[in-house]
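*Asks:* Just dropping this structure here.
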Amino acid sequence: MRTARLVALTAVSLLIALTLIARLGVWDALFPPSIPTFGASMVRPFNLTDTNGHKVTEHDMLGRPAVVFFGFTYCPEVCPTTLADLTNWLAELGPDADRLGVFFVSVDPARDTPTELGKYLSSFDPRIRGLTGNAADIDGIAKAFGIYYQRVEIEGGGYTMDHTASVLLLDSSGRFAGTISYQEAKEVAVAKLKRLAHSADGA
Amino acid sequence: MMNARTIRVALSSAVVLLLVNLISAAVAHDYALGELKIVRPWTHATPTGATTGVAYMSLTNTGSVPIRLTGASTPAAQRVEIHMMSVEGGVMRMRLVPGFDIAPGATVELEPGGMHLMLVGLNRQLHQEDAIPLTLAFGNGATISIDLHVEAIGGGPSAHNH
């Protein structure tokens, strides 16, 4: 019958659409991570672990402006480049750098144990604090910060991670204060960090 | 007092000197395999314990038939993958590709923010100024061994130029 065919066709189309959405990250493509609002509170309660095995919660990210970057140690380019940039920017800032809390949050906690993360970060400015945790906690902080990340299987074994490549800037109350883009010019990045470092001056 | 002619001579000498320096710096890291020119292969130094690295270079086909890069290998890593990478809307995405063609007359840039070779399963840390051997394999069966010049973490020849 005509109606039966239509119903079957609709069902199959729906099934295909749902599969595409679920399997191929179409959902993320259709609904990219929301653009944060300046002044909006970003920090939600979280429980993570630093590279010394110490517990880190949202309170460690509040009280002074924070610079937060999400990445993973198996990352060939964006993460080491951004961590090297951060290292250079902090050096350029001089004493102002000590007014900032700087965090590198792993989006690949399965491979980035505190020890591995600590080894990796030893190549960069020691003020960059590495955070990792269980998958649910990482997901929580990434969502709160509007960070996109997605595991991508590699043919022949292994996987890599797609992820937001921008550095997030938060004021001392955990409110969104801007971003630094991947490969942003050094002068621009340092000016943003300087402004951020002094954002709590009037308070 | 210098007259206009002296200034002109001085300026053009400076330009010639600059060009000579640039050319010799470039030639030092360049290779040729038949009609293919491989210019300035390089990589980043890696952080302690890092298991992945990258390789960048510029590939120019000066011939009249397409050249296909099909793979690469290095004693410094388990395997080498060819990756397309993009940063769009603030999100970095990376995909494995089986190879790519270089059309006659075309240049393909493997560079930060774009396509690269990924060294997977590094068995050593890459230190600045090291030379890392890499073998490129092409569709016609040809291979060439080149050295990747190791630049600072996050640095690189492109950073010097900008």
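*Asks:* Non-local amide H neighbours of B:Leu33 (under 5 Å, H modeled in plane, Pro and chain starts lacking H): which ones?
*Replies:* Those lying under 5 Å, H to H, from B:Leu33 are B:Ile38.
*Asks:* Same structure again: If you find the alpha carbon centre of segment A:79-101 and of segment B:73-121, how far apart are they in angstrom?
*Replies:* 28
*Asks:* I need the helices of chain A that pass two filters: whole DSSP H segments spanning 15 Å or more by Cα along the axis, and mean Kyte-Doolittle score no lower than -0.5.
*Replies:* Counting only whole DSSP H runs, the qualifying helices are A:2-23, A:78-93, A:186-197.
*Asks:* Spelling out what I want: for every residue of segment B:146-151, take phi, set θ = phi - 60°, compute 6.51 cos²θ - 1.76 cosθ + 1.60 (Karplus), and round to whole Hz; glycine and proline get x.
*Replies:* Residue by residue, segment B:146-151 yields 10, 10, 8, 7, 8, 9 Hz.
*Asks:* Give, ordered by residue number, each residue of segment A:163-203 whose 1.4 Å probe accessible area is reduced by a minimum of 10 Å² on adding the remaining protein chains to the chain alone.
*Replies:* Those are A:His163, A:Thr164, A:Ala165, A:Ser166, A:Tyr182, A:Gln183, which lose 10 Å² or more relative to the chain on its own.
*Asks:* OK, next. For the protein assembly as shown, what are Rg and Dmax over the alpha carbons, in angstrom?
*Replies:* 24.2, 101
*Asks:* Spelling out what I want: for every residue of segment B:48-59, take phi, set θ = phi - 60°, compute 6.51 cos²θ - 1.76 cosθ + 1.60 (Karplus), and round to whole Hz; glycine and proline get x.
*Replies:* Karplus-based 3J(HN,Hα) across segment B:48-59 equals 3, x, 5, 10, 10, x, 9, 9, 10, 5, 10, 10 Hz.
*Asks:* A further question follows. Skip the ligands, DNA and RNA, and give the accessible area per residue of the protein assembly as shown with a 1.4 Å probe, whole Å².
*Replies:* I get 51 Å² per residue for the protein assembly as shown.
*Asks:* Among the lysines, which have Cα under 24 Å from the Cα of A:Lys186 when same-chain residues fewer than 8 positions away are ignored?
*Replies:* Within reach: A:Lys194.
*Asks:* Mind checking B:125-138 for the average number of partner chain beta-carbons within 10 Å of each residue's beta-carbon?
*Replies:* Across B:125-138, the average partner-chain Cβ count within 10 Å equals 0.
*Asks:* Once you've got the GNM for chain A with C-alpha springs shorter than 10 Å, pick whichever of A:Phe104, A:Phe145, A:Phe124 has the biggest mean-square fluctuation.
*Replies:* Ranking A:Phe104, A:Phe145, A:Phe124 by mean-square fluctuation puts A:Phe124 first.
*Asks:* Among B:38-47, B:104-113, how do they line up from the highest to the lowest mean number of other beta-carbon atoms within 10 Å?
*Replies:* Result, highest mean Cβ count within 10 Å first: B:38-47, B:104-113.
*Asks:* Considering only protein heavy atoms and a probe of 1.4 Å, how much of the accessible area of segment A:38-197 is carbon and sulfur, as a whole percent?
*Replies:* 50
*Asks:* What total accessible area, in Å², is buried where chains A and B meet, using a 1.4 Å probe and rounding to the nearest 100?
*Replies:* 2200
*Asks:* On to the next question. Only helical DSSP H runs with n ≥ 4 go in: add -39500 (n - 2.57) per run for chain A, normalise by residue count and round the 222 nm mean residue ellipticity to 500 deg cm²/dmol.
*Replies:* After summing the helix terms and dividing by the residues of chain A, the value is -11000 deg cm²/dmol.
*Asks:* Give the relative contact order (percent, whole number) for segment B:31-161; include only Cα pairs under 8 Å separated by 6+ residues.
*Replies:* The value is 33 percent.
*Asks:* Also, quick follow-up: Would you rank A:Glu184, B:Glu88 by solvent-accessible area, highest first, keeping every protein chain in place and using a 1.4 Å probe?
*Replies:* B:Glu88, A:Glu184
The values are calculated or read from the model by the stated rules, or taken from the named source; none is laboratory data. Every value quoted in this text rests on a predicted model; they were computed, and no experiment measured them. Positions of Cβ are generated from backbone atoms using ideal geometry, with glycine treated the same way; all protein chains shown enter the neighbour counts. Each accessible area value is taken on the protein alone, full model and side chains, heavy atoms only, with ligands, DNA and RNA left out. Shrake-Rupley method; radii C 1.70, N 1.55, O 1.52, S 1.80 Å.
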